[in-house]
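First up is the structure itself, then whatever we jot down about it.
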């Protein structure tokens, strides 16, 4: 006799919301989730700078939307470890629109953080 398959939760309840510690809910898929915020921050910063972001190194929700740290190649050099990188802090509102950005750091690609 074959073992019965475990019951699966319906997709609407397992993917639609994530309950926070305060009892509220935040959408987990589509507009408003972390992946959406990362794509939005990187895409809008690319439009402004004319350079493609390499990665997003930090992301956090705020009362007004999202804040992300985006890593951008500013000056390509040979060898690659000497290329100049920059970290930009990008602020998004709740709709995902960029409301501010600033360069917070410049460094060479091969540089290791010595903080903390």
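Every number in this text was worked out from the coordinates using simple rules, so none of it is lab data. What you are looking at is a predicted structure, and each value in this text was computed from that prediction instead of being measured. Backbone-built Cβ (ideal geometry, glycine too); neighbour counts: all protein chains shown.
Quick rundown of the values:
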item	result
Per-residue Cβ neighbour rank within 10 angstrom, fewest leading, 80, 71, 54	80, 54, 71
Fewest-first ranking of 70, 84, using other Cβ atoms within 10 Å as the exposure measure	84, 70
Kirkwood hydrodynamic radius over Cα pairs of the range 29-108, then Stokes diffusion coefficient at 10 °C and 1.306 mPa s, in µm²/s	124
Order of 101, 88 under a 10 Å beta carbon neighbour criterion, fewest first	101, 88
Length gained when the stretch residue 35-residue 95 is fully extended (0.36 nm per residue, less Cα-Cα span)	20.2 nm
Residue-span extension gain [residue 78 to residue 60] - 0.36 nm each, minus C-alpha spacing	3.1 nm
